[in-house]
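Okay, so here's the structure we're looking at.
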There are 2 protein chains.
Amino acid sequence: MQDDADAQPATTNEVLASLFKTLGHPQRLAILRLLESQELCVCEIEAALDLRQAYISQQLTLLREAGLVCFRREGWNVRYRIACPEVYTLLEMAEAIHGTLGECAWVEPEEKTAVSCGALRQT
Amino acid sequence: MQDDADAQPATTNEVLASLFKTLGHPQRLAILRLLESQELCVCEIEAALDLRQAYISQQLTLLREAGLVCFRREGWNVRYRIACPEVYTLLEMAEAIHGTLGECAWVEPEEKTAVSCGALRQT
DNA sequence: AAATCATATTCTAATTTACGAATATGATTA
DNA sequence: TAATCATATTCGTAAATTAGAATATGATTT
(Lines give C-alpha, C1' and ligand atoms only; values in the text may rest on other atoms or scores of the structure.)
Protein backbone atom coordinates (compact mmCIF):
# COMPACT_ATOMS: atom_id res chain seq x y z
CA MET A 1 0.00 0.00 0.00
CA GLN A 2 1.76 3.14 -1.18
CA ASP A 3 0.58 6.43 0.17
CA ASP A 4 -0.44 9.10 -2.34
CA ALA A 5 0.11 7.04 -5.41
CA ASP A 6 -1.26 9.68 -7.75
CA ALA A 7 0.57 12.67 -6.29
CA GLN A 8 2.84 14.49 -8.71
CA PRO A 9 6.49 15.07 -7.78
CA ALA A 10 5.90 18.50 -6.18
CA THR A 11 8.15 21.15 -7.63
CA THR A 12 10.50 23.31 -5.60
CA ASN A 13 8.08 26.16 -5.94
CA GLU A 14 5.23 24.07 -4.64
CA VAL A 15 7.23 22.91 -1.66
CA LEU A 16 8.40 26.44 -0.90
CA ALA A 17 4.92 27.85 -1.33
CA SER A 18 3.65 25.28 1.11
CA LEU A 19 6.15 26.40 3.73
CA PHE A 20 5.28 30.05 3.19
CA LYS A 21 1.60 29.22 3.36
CA THR A 22 2.09 27.70 6.78
CA LEU A 23 3.88 30.86 7.88
CA GLY A 24 1.18 33.04 6.36
CA HIS A 25 -1.01 33.10 9.42
CA PRO A 26 -0.74 35.57 12.34
CA GLN A 27 -1.60 33.10 15.10
CA ARG A 28 0.80 30.49 13.85
CA LEU A 29 3.51 33.12 13.81
CA ALA A 30 2.52 34.07 17.34
CA ILE A 31 2.95 30.47 18.42
CA LEU A 32 6.34 30.25 16.75
CA ARG A 33 7.42 33.43 18.52
CA LEU A 34 6.42 31.96 21.86
CA LEU A 35 8.45 28.87 21.17
CA GLU A 36 11.55 30.82 20.27
CA SER A 37 12.93 31.01 23.77
CA GLN A 38 11.30 28.05 25.44
CA GLU A 39 9.58 24.74 25.18
CA LEU A 40 5.89 25.06 26.03
CA CYS A 41 2.92 22.80 26.57
CA VAL A 42 -0.36 23.46 24.81
CA CYS A 43 -2.05 24.90 27.87
CA GLU A 44 0.74 27.40 28.36
CA ILE A 45 0.43 28.59 24.78
CA GLU A 46 -3.29 28.70 25.33
CA ALA A 47 -2.87 30.95 28.36
CA ALA A 48 -0.27 33.15 26.70
CA LEU A 49 -2.30 33.83 23.58
CA ASP A 50 -5.73 33.69 25.20
CA LEU A 51 -7.10 31.34 22.59
CA ARG A 52 -9.13 28.16 22.94
CA GLN A 53 -7.35 24.87 23.44
CA ALA A 54 -8.76 23.18 20.35
CA TYR A 55 -7.74 26.11 18.20
CA ILE A 56 -4.17 26.08 19.47
CA SER A 57 -4.06 22.37 18.90
CA GLN A 58 -5.24 22.79 15.33
CA GLN A 59 -2.54 25.31 14.54
CA LEU A 60 0.08 23.19 16.24
CA THR A 61 -0.98 20.29 14.07
CA LEU A 62 -0.33 22.38 10.97
CA LEU A 63 3.04 23.54 12.28
CA ARG A 64 3.85 19.94 13.09
CA GLU A 65 2.87 18.74 9.62
CA ALA A 66 5.06 21.45 8.14
CA GLY A 67 7.91 20.08 10.21
CA LEU A 68 8.41 23.37 12.02
CA VAL A 69 7.77 22.12 15.52
CA CYS A 70 8.55 19.02 17.55
CA PHE A 71 6.78 17.72 20.60
CA ARG A 72 7.14 15.23 23.41
CA ARG A 73 4.92 13.96 26.15
CA GLU A 74 5.75 14.85 29.70
CA GLY A 75 3.23 13.36 32.06
CA TRP A 76 -0.11 14.89 31.28
CA ASN A 77 1.31 17.55 29.06
CA VAL A 78 2.60 17.58 25.53
CA ARG A 79 5.41 20.03 25.22
CA TYR A 80 6.18 21.64 21.92
CA ARG A 81 9.43 23.10 20.81
CA ILE A 82 10.81 24.52 17.61
CA ALA A 83 12.17 21.97 15.18
CA CYS A 84 14.47 24.30 13.29
CA PRO A 85 15.58 27.55 14.87
CA GLU A 86 16.54 28.87 11.44
CA VAL A 87 12.96 29.94 10.88
CA TYR A 88 13.56 32.86 13.20
CA THR A 89 16.23 34.13 10.87
CA LEU A 90 13.64 33.81 8.14
CA LEU A 91 11.15 35.82 10.18
CA GLU A 92 13.74 38.49 10.91
CA MET A 93 14.62 38.74 7.27
CA ALA A 94 10.99 38.92 6.24
CA GLU A 95 10.49 41.69 8.76
CA ALA A 96 13.45 43.57 7.36
CA ILE A 97 12.12 43.13 3.85
CA HIS A 98 8.76 44.44 4.83
CA GLY A 99 10.46 47.56 6.16
CA THR A 100 11.90 48.32 2.75
CA LEU A 101 8.67 47.63 0.89
CA GLY A 102 6.98 50.78 -0.33
CA GLU A 103 4.05 51.41 -2.57
CA CYS A 104 4.67 50.18 -6.05
CA ALA A 105 6.34 52.95 -7.96
CA TRP A 106 5.43 53.79 -11.49
CA VAL A 107 8.78 54.21 -13.13
CA GLU A 108 8.96 56.53 -16.11
CA PRO A 109 9.75 54.80 -19.37
CA GLU A 110 13.36 55.13 -20.48
CA GLU A 111 12.93 54.95 -24.21
CA LYS A 112 10.07 54.65 -26.64
CA THR A 113 10.36 51.32 -28.32
CA ALA A 114 6.78 50.14 -28.77
CA VAL A 115 7.63 46.86 -30.38
CA SER A 116 4.85 44.35 -30.73
CA CYS A 117 5.33 41.44 -28.48
CA GLY A 118 4.20 38.62 -30.72
CA ALA A 119 4.02 36.18 -27.85
CA LEU A 120 1.60 33.34 -28.17
CA ARG A 121 -1.78 33.91 -26.59
CA GLN A 122 -3.81 30.89 -25.57
CA THR A 123 -7.15 32.43 -24.65
CA MET B 1 -12.04 61.01 3.17
CA GLN B 2 -9.69 58.68 4.98
CA ASP B 3 -9.22 55.25 3.52
CA ASP B 4 -9.85 52.31 5.82
CA ALA B 5 -11.10 54.33 8.76
CA ASP B 6 -12.08 51.25 10.75
CA ALA B 7 -8.96 49.18 10.11
CA GLN B 8 -7.11 48.11 13.22
CA PRO B 9 -3.39 48.88 13.55
CA ALA B 10 -2.20 45.56 12.03
CA THR B 11 0.28 43.78 14.25
CA THR B 12 3.73 42.74 13.16
CA ASN B 13 2.50 39.19 12.90
CA GLU B 14 -0.36 40.20 10.66
CA VAL B 15 1.91 42.17 8.40
CA LEU B 16 4.43 39.35 8.22
CA ALA B 17 1.74 36.77 7.64
CA SER B 18 0.45 38.85 4.78
CA LEU B 19 3.86 38.86 3.13
CA PHE B 20 4.25 35.11 3.59
CA LYS B 21 0.76 34.57 2.24
CA THR B 22 1.69 36.35 -0.94
CA LEU B 23 4.75 34.13 -1.25
CA GLY B 24 2.68 31.03 -0.50
CA HIS B 25 1.73 30.35 -4.08
CA PRO B 26 3.73 28.34 -6.61
CA GLN B 27 2.94 30.46 -9.64
CA ARG B 28 3.71 33.69 -7.88
CA LEU B 29 7.04 32.23 -6.86
CA ALA B 30 7.59 31.20 -10.46
CA ILE B 31 6.99 34.76 -11.57
CA LEU B 32 9.38 36.10 -8.97
CA ARG B 33 12.02 33.65 -10.12
CA LEU B 34 11.63 34.84 -13.70
CA LEU B 35 12.07 38.42 -12.61
CA GLU B 36 15.24 37.67 -10.70
CA SER B 37 17.58 38.22 -13.60
CA GLN B 38 15.57 40.49 -15.84
CA GLU B 39 12.75 42.91 -16.33
CA LEU B 40 9.89 41.32 -18.25
CA CYS B 41 6.60 42.35 -19.77
CA VAL B 42 3.43 40.42 -19.08
CA CYS B 43 3.39 38.65 -22.40
CA GLU B 44 6.92 37.38 -21.88
CA ILE B 45 6.00 35.94 -18.50
CA GLU B 46 2.95 34.50 -20.16
CA ALA B 47 5.07 32.76 -22.75
CA ALA B 48 7.67 31.59 -20.26
CA LEU B 49 5.20 30.01 -17.86
CA ASP B 50 2.63 28.95 -20.46
CA LEU B 51 -0.25 30.49 -18.54
CA ARG B 52 -3.09 32.69 -19.69
CA GLN B 53 -2.60 36.43 -19.82
CA ALA B 54 -5.39 37.28 -17.40
CA TYR B 55 -4.07 34.82 -14.88
CA ILE B 56 -0.57 36.25 -14.98
CA SER B 57 -2.02 39.70 -14.64
CA GLN B 58 -3.96 38.67 -11.57
CA GLN B 59 -0.90 37.29 -9.85
CA LEU B 60 1.13 40.33 -10.81
CA THR B 61 -1.53 42.51 -9.24
CA LEU B 62 -1.12 40.64 -5.96
CA LEU B 63 2.67 40.86 -6.13
CA ARG B 64 2.30 44.56 -6.87
CA GLU B 65 -0.05 45.10 -3.94
CA ALA B 66 2.41 43.32 -1.70
CA GLY B 67 5.04 45.74 -2.90
CA LEU B 68 7.24 42.98 -4.25
CA VAL B 69 7.30 44.12 -7.87
CA CYS B 70 7.42 47.40 -9.73
CA PHE B 71 6.31 48.12 -13.25
CA ARG B 72 6.54 50.73 -15.96
CA ARG B 73 4.94 51.26 -19.30
CA GLU B 74 7.05 50.95 -22.36
CA GLY B 75 5.00 51.60 -25.46
CA TRP B 76 2.41 48.85 -25.64
CA ASN B 77 3.97 46.79 -22.94
CA VAL B 78 4.05 47.00 -19.20
CA ARG B 79 7.35 45.76 -17.90
CA TYR B 80 7.63 44.33 -14.46
CA ARG B 81 10.70 44.12 -12.34
CA ILE B 82 11.48 43.11 -8.79
CA ALA B 83 11.00 45.84 -6.21
CA CYS B 84 13.28 44.40 -3.58
CA PRO B 85 15.95 41.88 -4.54
CA GLU B 86 16.23 40.81 -0.91
CA VAL B 87 13.29 38.46 -1.39
CA TYR B 88 15.62 36.11 -3.25
CA THR B 89 17.71 35.77 -0.14
CA LEU B 90 14.48 34.96 1.65
CA LEU B 91 13.64 32.30 -0.93
CA GLU B 92 17.12 30.80 -0.67
CA MET B 93 16.87 30.68 3.07
CA ALA B 94 13.43 29.12 2.94
CA GLU B 95 14.76 26.52 0.57
CA ALA B 96 17.63 25.76 2.91
CA ILE B 97 15.24 25.48 5.82
CA HIS B 98 13.05 23.09 3.92
CA GLY B 99 16.07 20.91 3.38
CA THR B 100 16.59 20.51 7.09
CA LEU B 101 12.94 19.87 7.82
CA GLY B 102 12.19 16.25 8.65
CA GLU B 103 9.20 14.44 9.96
CA CYS B 104 8.27 15.62 13.38
CA ALA B 105 10.16 13.52 15.86
CA TRP B 106 8.61 12.23 19.02
CA VAL B 107 11.22 12.96 21.61
CA GLU B 108 11.32 10.71 24.64
CA PRO B 109 10.40 12.44 27.88
CA GLU B 110 13.37 13.45 30.01
CA GLU B 111 11.86 13.30 33.45
CA LYS B 112 8.54 12.35 34.91
CA THR B 113 7.03 15.45 36.43
CA ALA B 114 3.32 15.21 35.64
CA VAL B 115 2.34 18.46 37.31
CA SER B 116 -1.15 19.72 36.64
CA CYS B 117 -1.08 22.74 34.47
CA GLY B 118 -3.82 24.76 36.08
CA ALA B 119 -4.02 27.09 33.14
CA LEU B 120 -7.31 28.80 32.50
CA ARG B 121 -9.57 27.14 30.00
CA GLN B 122 -12.12 29.29 28.26
CA THR B 123 -14.24 26.74 26.43
C1' DA C 1 -11.90 58.35 -34.44
C1' DA C 2 -11.47 53.62 -35.42
C1' DA C 3 -8.64 49.55 -35.16
C1' DT C 4 -5.15 47.11 -32.74
C1' DC C 5 -2.10 45.57 -29.25
C1' DA C 6 -0.98 44.60 -24.39
C1' DT C 7 -2.70 44.51 -20.06
C1' DA C 8 -6.23 44.97 -16.29
C1' DT C 9 -10.56 44.09 -14.17
C1' DT C 10 -14.87 41.94 -13.17
C1' DC C 11 -17.82 37.99 -12.62
C1' DT C 12 -18.21 33.49 -11.28
C1' DA C 13 -17.96 28.56 -9.67
C1' DA C 14 -15.12 25.42 -7.37
C1' DT C 15 -11.97 24.51 -3.99
C1' DT C 16 -9.63 25.44 0.15
C1' DT C 17 -9.07 27.47 4.60
C1' DA C 18 -10.65 29.32 9.10
C1' DC C 19 -12.39 28.32 13.27
C1' DG C 20 -16.26 27.30 16.65
C1' DA C 21 -18.59 23.38 18.92
C1' DA C 22 -18.67 18.92 20.29
C1' DT C 23 -16.41 14.91 21.12
C1' DA C 24 -12.58 11.47 21.16
C1' DT C 25 -8.10 9.81 22.81
C1' DG C 26 -4.49 8.74 25.78
C1' DA C 27 -1.85 9.18 29.98
C1' DT C 28 -2.29 9.35 34.96
C1' DT C 29 -4.17 8.84 39.47
C1' DA C 30 -7.57 7.01 42.78
C1' DT D 1 -11.33 0.24 35.99
C1' DA D 2 -13.32 4.55 36.66
C1' DA D 3 -12.36 9.37 37.04
C1' DT D 4 -9.52 13.16 35.64
C1' DC D 5 -6.38 15.98 33.19
C1' DA D 6 -4.28 17.60 28.85
C1' DT D 7 -4.52 17.30 24.19
C1' DA D 8 -6.28 15.78 19.57
C1' DT D 9 -9.71 15.08 16.15
C1' DT D 10 -13.96 15.41 13.70
C1' DC D 11 -17.77 17.99 11.97
C1' DG D 12 -20.04 21.90 10.05
C1' DT D 13 -20.34 26.27 8.16
C1' DA D 14 -18.66 30.90 7.00
C1' DA D 15 -15.12 33.14 4.68
C1' DA D 16 -11.31 33.47 1.67
C1' DT D 17 -8.68 31.91 -2.28
C1' DT D 18 -8.11 29.88 -6.86
C1' DA D 19 -8.46 30.29 -11.46
C1' DG D 20 -11.39 30.28 -15.81
C1' DA D 21 -14.20 33.21 -18.99
C1' DA D 22 -15.61 37.37 -20.59
C1' DT D 23 -14.95 42.00 -20.94
C1' DA D 24 -12.93 46.62 -20.06
C1' DT D 25 -9.12 49.96 -20.31
C1' DG D 26 -5.49 52.56 -22.11
C1' DA D 27 -1.71 53.38 -25.25
C1' DT D 28 -0.50 53.33 -30.13
C1' DT D 29 -0.98 53.37 -34.98
C1' DT D 30 -3.74 54.22 -39.16
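Figures for the structure shown
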item: Accessible area expressed per residue, region A:26-98, with surrounding protein chains retained (probe 1.4 Å, Å²); result: 43 Å²
item: Teacher prompt: B:L62 distances to equivalent labels in other copies, 7 Å Cα→Cβ, nm; result: 1.5
item: Shielding by other protein chains, B:19-32, mean Cβ within 10 Å; result: 6
item: Inter-copy spacing of A:E39 label points, which lie 7 Å from Cα along Cα→Cβ, given in nm from shortest upward; result: 5.4
item: Sparse-neighbour loop sites [GluC sites (Glu not before Pro); region B:1-98; at most 16 other C-beta within 10 Å; DSSP]; result: B:E36, B:E39
item: Average silhouette area of region B:13-98, convex hull of alpha-carbon atoms, in square nanometres; result: 5.8 nm²
item: 12 Å beta-carbon shell around B:Q38, net charge (K/R +1, D/E -1); result: 0
item: Distance between region B:45-89 and region A:29-66 - C-alpha centres, whole angstrom; result: 36 Å
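The values are calculated or read from the model by the stated rules, or taken from the named source; none is laboratory data. Keep in mind it's a predicted model, so treat the numbers as computed, not measured. We place every Cβ from the backbone using ideal geometry, glycine too, and count neighbours over all the protein chains shown. Quick note on the areas: whole protein, heavy atoms, side chains included, nothing else; ligands and nucleic acids left out. Shrake-Rupley method; radii C 1.70, N 1.55, O 1.52, S 1.80 Å.
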